[in-house]
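One structure is given below, encoded as structure tokens.
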Amino acid sequence: MASVTIRSADPADAAIVHALMAGLAEHQGEAPHLAASPASLEVALGGDPPRAWCLLAWLDGRAVGYLSWTRPYGIWRAGDYLNLDDLYVDESARGRGVGEALMRRFAGIAVAEGLPARWEVKSDNLAARRFYDRLGALQSDKTIVRWSVAAMRAAG
């Protein structure tokens with residue numbers, strides 16, 4: 001079995017990241033809502049500082065997964081944290097340690113920066129929740145509220 005290779009994505013990888021994002025969106029039934037483009041990802045990954053960071057997982061010479069995050073300031077904790085945005089492994093590579101390799105590399109980055117991490121997972125995604133339990137992540141229930149510009153305009 002080939003080993004997983006993890007590396008940081010840079011702006012030149014924007015099309016690869018986008019293709020993986022499209023795979024995640026399709027997997028979740030959210031494809032119509034994917035607004036990112038290779039061009040927008042290139043800008044986000046290439047800023048100084050970047051607006052987003054990403055790790056790519058390679059197996060057998062092809063990109064099979066990614067983990068993306070941002071670094072916001074948390075008012076309650078009075079400091080930055082890493083907000084894991086997406087973790088995705090292509091179906092063809094699941095069960096081969098790709099997700100765990102991505103999470104462990106992400107953890108290494110967070111620990112090196114002395115920052116905690118947080119993320120969201122759908123409550124009915126039991127496989128993901130079991131995976132995060134095995135890693136020792138603490139889970140709590142919370143409802144996510146989204147308020148679109150159009151809805152705010154209508155409420156205005």
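Exactly one of these conditions fails for ALA78: (1) surrounded by fewer than 10 Cβ atoms within 10 Å (Cβ to Cβ); (2) among the aliphatic types (A, V, I, L, M); (3) on the phi < 0 side of the Ramachandran plot. Give me its number.
Only one criterion in (1) surrounded by fewer than 10 Cβ atoms within 10 Å (Cβ to Cβ); (2) among the aliphatic types (A, V, I, L, M); (3) on the phi < 0 side of the Ramachandran plot is unmet by ALA78, namely (3).
State the number of residues belonging to the range 1-49 that are part of a helix (DSSP H, G or I) and closer than 16 Å to TYR66 by Cβ.
So the count comes out to 23.
Suppose we keep only residues that are of a type in the set (Lys, Arg) and within 14 Å of the chain's Cα centre (by Cα) within the range 45-99. Which one would you say is nearest to ARG130 (Cα to Cα)?
My answer is ARG71.
For ARG51, are the conditions met, namely being open to solvent by 30 Å² or more (accessible area, probe 1.4 Å) and modelled with pLDDT under 95?
Taking the combined requirement at face value, the residue does not satisfy it.
Check the range 62-73 and report whether any residue there is open to solvent by 60 Å² or more (accessible area, probe 1.4 Å), modelled with pLDDT of 95 or more and closer than 22 Å to HIS27 by Cβ.
Yes, there is a match, as at least one residue in the range 62-73 is open to solvent by 60 Å² or more (accessible area, probe 1.4 Å), modelled with pLDDT of 95 or more and closer than 22 Å to HIS27 by Cβ.
List the number of the failed condition for SER8; all other conditions in (1) touching a residue at least 24 places away in the same chain (Cβ under 8 Å); (2) surrounded by 14 or more Cβ atoms within 10 Å (Cβ to Cβ) hold.
Failed condition: (2).
Are there any pairs, at least 6 apart or on different chains, whose C-beta atoms fall under 9 Å, with the first in the range 132-156 and closer than 21 Å to ALA117 by Cβ and the second aliphatic (A, V, I, L, M) and open to solvent by less than 100 Å² (accessible area, probe 1.4 Å), and if so, which?
Partner pairs satisfying both residue conditions: TYR132/MET103; TYR132/VAL121; LEU135/MET103; LEU135/ALA107; ALA137/MET103; ALA137/ALA117; GLN139/VAL121.
The values are calculated or read from the model by the stated rules, or taken from the named source; none is laboratory data. Note that the structure is predicted; figures quoted are calculated from it, not measured. Don't worry about glycine lacking a Cβ; one is built from the backbone with ideal geometry, like all the others, and counts go over all protein chains shown. We work out accessible area using only protein heavy atoms, side chains counted, and drop any ligands, DNA or RNA first. Shrake-Rupley method; radii C 1.70, N 1.55, O 1.52, S 1.80 Å.
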